[in-house]
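Visitor: Have a look at the structure that comes next, please.
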Amino acid sequence: MIFSGECHCGKLKASFQTEKTPQALGVRTCQCEFCRAHGAVNISDPDGRVTIEAARENVARYSFALRTADFLICKRCGVYIAAVMGEGDKIVSTLNVAGLRMKPFLAVDEAPMEYGAETTDERIARRYAKWTPTIFTDPALAASNFGPH
């Protein structure tokens, strides 16, 4: 199955390929201040694939706290679409299905998650184990390093 979505203005797009249904994957709501401010509802599948279609000039990258990932935000409409970590052929992400308006996931019961007690190493290990392998259509973004900073 392939699920697709885009930010409010359509400048940032993402597709999520998975063998699992939205109900089988579940959705998570990180309880950090950033995610709550953005109403983020996230998905990932380490066996899936994410493709992010966005020109580098349309993407604002934001990192905070442990600075282990970059949060991708549309420069035009301000929507947060994904958190991304890694570099080269080892980039992983979690998608914000609320920001991308991926409706099949919005009907799934949300699981609130608390990650504040993780160490930097624990957070990085969890993300590599649970987030989705990711590619970018823009070569400039594909060549980027996405945290840790």
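Visitor: For Lys130, work out the one condition from (1) within 17 Å of Ser4 (Cα to Cα); (2) exposed (fewer than 15 other Cβ atoms within 10 Å of the Cβ) it doesn't fulfil.
Guide: Lys130 satisfies all of (1) within 17 Å of Ser4 (Cα to Cα); (2) exposed (fewer than 15 other Cβ atoms within 10 Å of the Cβ) except (1).
Visitor: Another question, if that's okay. Whether any residue in segment 22-32 is in contact with a His (Cβ under 8 Å, 6 or more places away or on another chain) and modelled with pLDDT under 95 is what I want to check. Before the answer, list the steps.
Guide: Looking only at segment 22-32, we keep the residues that are in contact with a His (Cβ under 8 Å, 6 or more places away or on another chain), and these are none.
No - not one qualifying residue is present in segment 22-32.
Visitor: Here's a follow-up. If Gly78 satisfies every condition in (1) loosely packed, with under 14 Cβ neighbours inside 10 Å; (2) of a type outside the set (Lys, Arg); (3) under 16 Å from Met1 (Cβ atoms) but one, which is the exception?
Guide: The single condition Gly78 does not satisfy is (3).
Visitor: Then there's this: Here are Val50, Val59: which of them is in contact (Cβ under 8 Å) with a residue 24 or more places away in the chain and in contact with a helix residue (DSSP H, G or I) (Cβ under 9 Å, 6 or more places away or on another chain)?
Guide: When all the criteria are applied, what remains is Val59.
Visitor: To continue, here is another question. It is to be established whether one or more residues within segment 131-138 are within 14 Å of Ala14 (Cα to Cα) and in contact with an Asp or Glu (Cβ under 7 Å, 6 or more places away or on another chain).
Guide: Within segment 131-138, one or more residues are within 14 Å of Ala14 (Cα to Cα) and in contact with an Asp or Glu (Cβ under 7 Å, 6 or more places away or on another chain).
Visitor: Only one of these conditions is not met by Lys103: (1) free of Cβ contacts under 8 Å to residues at least 24 places away in the same chain; (2) of a type in the set (D, E, K, R); (3) surrounded by 15 or more Cβ atoms within 10 Å (Cβ to Cβ). Which number is it?
Guide: Going through (1) free of Cβ contacts under 8 Å to residues at least 24 places away in the same chain; (2) of a type in the set (D, E, K, R); (3) surrounded by 15 or more Cβ atoms within 10 Å (Cβ to Cβ) one by one, Lys103 breaks only (3).
The values are calculated or read from the model by the stated rules, or taken from the named source; none is laboratory data. Please read all numbers here as calculations on a predicted model, not as lab measurements. Positions of Cβ are generated from backbone atoms using ideal geometry, with glycine treated the same way; all protein chains shown enter the neighbour counts.
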